[in-house]
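To keep things clear, I will list the structure first and then write my remarks on it.
The values are calculated or read from the model by the stated rules, or taken from the named source; none is laboratory data. Small disclaimer: the values here were computed from a predicted structure and weren't measured. Reconstructed Cβ throughout: ideal geometry from the backbone, glycine too, with neighbour counts over all protein chains shown. Heads up: the accessible areas ignore ligands, DNA and RNA and are worked out on the full protein's heavy atoms, side chains in. Shrake-Rupley method; radii C 1.70, N 1.55, O 1.52, S 1.80 Å.
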Amino acid sequence: MRTQVGIIGAGPAGLLLSHLLHLRGIESVVLEARTREQIESTIRAGVLEQGTMDVLRESGVGERMRAEGALHHGIELAFDGKRRRIDLHGLTGQSITVYAQHEVIKDLVAARLAADGTILFGVHDVSLHGIETPTPSIRYRHEGEAHTLECDFVIGCDGSQGVSRAAIPVDARRDYERVYPFGWFGILAEGRPTADELIYARHDRGFALISTRSPNVQRMYFQCDPKDSLEAWPDDRIWSELHARVDSADGQQVIDGKIFQKNIVGMRSFVSATMQHGRLFLAGDAAHIVPPTGAKGLNLAVSDVRILSHALEIWYRSGNEAALAAYSETALKRIWRAEHFSWWMTRMMHRLDDASPFEQQLQVAELEHVTTSRTAAKSLAENYVGCVAI
Ligand code: RFL
Ligand code: PHB
């Protein structure tokens, strides 16, 4: 089989890239290891920046997001028994939408299939060939048979566990990494929202986050040991931990409900630089990971493919390689900004077991500062909504 752009991975990066290329008249094929049902039901991110909403809307896949997503104009920071609001819209003129990542995936899959796009689900044994030549190819197995996809470019959108990054020789790239000694325990629960906006809570017992999915389904997380087991956390223990960490002294309480899903995720910061080698380009989690405290991962995947789709369009229209050659450098500026913000939020909000009582007081002092100084709050807000100058 032959196409113009071969894309590995049908996460938000791969699907959106395929969709944006199609709108620019460029053909692509997406190869995905999992089934359609699996990618459409995996629970992950929830917060879309204004820029992400704009791309989805402008490219014609924002209808359900607009109708079913919840527009939030602020977030709350809870610490020392109180809650303080960061007025995102008042400080930046921009807001965020809470709309689940797997709903974005459903919208993108539907758009690609409606346009007769090719997404092959359940492929395996994917390998990359000839990426240093003008005629790269991807070999894979699908429905028991071996195939080769020949293309002009290979785009690795296969997430943090994919095969694409490893195709860049080690002496041509540098990996930067930080692994955090804690994880997040995530739950989905039936019930009404605890508050109108997301609550990020710092407590001596550890971090907690109250998010939402719909008026009847709530998403909550709390800091845990990454090696903890789901069995160690019966529902009663989860609710008492969330109450202990989030309830405020003036009586505002987390609203309990029936828990129907539990998971534990580790926390890591990671950047692979470069994001390009020959005719291979990396986008999204394949190239970088942020801890979820800044809600940046999905938004970075979107900004990568937005830059890449423009650069590919220029190449196909004029043969000019300058934008493609600048892709890695252009994308990495925004990525490092998000890496710093995500690390900073993580460090400010989590219980750090190696922190001295002095450093713990510094966390509270920093929270007091970002919630009382307009300048500091504005910096947090600009980073959170994604409109910071880079
Ligand atoms: P994905 O979504 O991991 O998709 C990669 C796809 O590639 C497939 N794949 C392969 N296919 C073929 N051959 C192979 N060899 C393959 N290897 C892998 C996989 O099956 C998969 O379908 O990467 P992508 O597209 O770069 O998207 C990145 C985002 O998914 C990720 O950054 C976010 O979910 C991170 N994240 C958040 N981001 C936000 O912007 N806002 C948030 O509120 C937010 N919350 C979160 C998050 C991530 C979380 N977890 C689970 C780490 C909350 C959590 C708890
Ligand atoms: C979520 O709703 O899943 C979510 C929200 C904010 C974050 C991370 C995850 O920072």
Notebook entry, point to check: At a 1.4 Å probe radius, carbon and sulfur cover how many percent of the accessible area of the chain?
Noted result: 49
Notebook entry, point to check: When only C-alpha pairs under 8 Å and at least 6 residues apart count, what is the relative contact order of the chain, in percent?
Noted result: 20
Note to self: Under 5 Å between amide hydrogens, which residues at least 5 positions from T274 or on another chain qualify, with H placed 1.01 Å from N in the peptide plane?
What the structure shows: R174
Item checked: Mean-position separation - Cα centroids, the range 68-88 and the range 192-237, in angstrom -> 15
Item checked: Three-way shape call for the range 336-380 based on the alpha-carbon gyration tensor, with the a/c threshold at 1.5 -> oblate
Item checked: Per residue accessible area in Å² of the range 282-390, where ligands, DNA and RNA are left out and the probe is 1.4 Å -> 42
Notebook entry, point to check: Under a 5 Å amide H to amide H cut-off, with H placed in plane at 1.01 Å, what residues pair with T212 once short-range neighbours are removed?
Noted result: R219
Next item on the list: Quick one: net charge around V254, please, counting Lys, Arg +1 and Asp, Glu -1 for every other residue with C-beta under 9 Å from its C-beta.
Entry: -1
Item checked: Rounded tilt (10° steps) of 357-372 against the dominant C-alpha axis of the chain -> 80
Checklist line | Vicinal HN-Hα couplings computed from phi for the range 2-11 (Karplus, 6.51 cos²θ - 1.76 cosθ + 1.60; Hz; Gly/Pro x) | finding: 10, 8, 7, 10, x, 10, 9, x, 10, x
Item checked: Net +/- balance of residues flanking I75 in space, Cβ distance below 15 Å, scoring K and R +1, D and E -1 -> +2
Notebook entry, point to check: Just how many % of Cα pairs in the chain lie over 29 Å apart, if you round to the nearest whole percent?
Noted result: 44
Checklist line | Summed side-chain charge close to F270 - residues other than F270 whose Cβ falls under 14 Å, Lys, Arg +1, Asp, Glu -1 | finding: +2
Check: How large is ³J(HN,Hα), in whole Hz, for each residue of the range 198-205 in order, when computed from phi with the Karplus curve 6.51 cos²θ - 1.76 cosθ + 1.60 and θ = phi - 60°, using x for Gly and Pro?
Finding: 5, 10, 9, 10, 9, 9, 4, 7
Margin query: Just to check I understand the Karplus step: with θ = phi - 60° and J = 6.51 cos²θ - 1.76 cosθ + 1.60, what whole-Hz values come out for the range 305-319, glycine and proline as x?
Written below: 6, 5, 5, 5, 5, 5, 5, 5, 4, 4, 4, 5, 6, 10, x
Next item on the list: Count neighbours as other Cβ atoms within 10 Å of each site's Cβ, and list the GluC sites (Glu not before Pro) in the range 38-109 that are DSSP loop with at most 12 such neighbours.
Entry: none
Item checked: the chain: most fluctuating residue of V170, V61, V265 per GNM, C-alpha cutoff 10 Å -> V170
Check: Which whole-number percent gives the relative contact order of the range 135-227, counting Cα pairs below 8 Å spaced six or more residues apart?
Finding: 22
Notebook entry, point to check: Rounded to the nearest 500, what is the chain's calculated 222 nm mean residue ellipticity when only DSSP H runs of at least 4 contribute -39500 (n - 2.57) each, over all residues?
Noted result: -11500 deg cm²/dmol
Margin query: Explain nothing, just the number: relative contact order of the range 178-227, from Cα pairs under 8 Å at least 6 residues apart, as a whole percent.
Written below: 46
Item checked: Residue of A376, A114, A13 that the Gaussian network model of the chain assigns the largest fluctuation, springs spanning Cα pairs under 10 Å -> A114
Note to self: Which of the three applies to the range 154-257, rounded, prolate or oblate, going by the alpha-carbon gyration tensor with a ≥ b ≥ c and a/c under 1.5 meaning rounded?
What the structure shows: prolate
Check: Considering the chain as a Gaussian network with a 10 Å cut-off on Cα pairs, which listed residue, P357, P193, P181, attains the greatest mean-square fluctuation?
Finding: P357
Next item on the list: Starting from the Cα of K378, draw a straight line to each of the lysines and keep only those under 25 Å, dropping any in the same chain fewer than 8 residues away.
Entry: K82, K296, K333
Notebook entry, point to check: Accessible area per residue of the range 150-251 at 1.4 Å probe, in Å²?
Noted result: 46
Next item on the list: Would you please give the residues with an amide H less than 5 Å from that of I96, counting only those at least 5 places away or on a separate chain, with H modeled from the backbone geometry?
Entry: H72
Next item on the list: Rounded to the nearest Å, what's the spacing between the alpha carbon centres of the range 28-56 and the range 343-390? Just the number, please.
Entry: 29
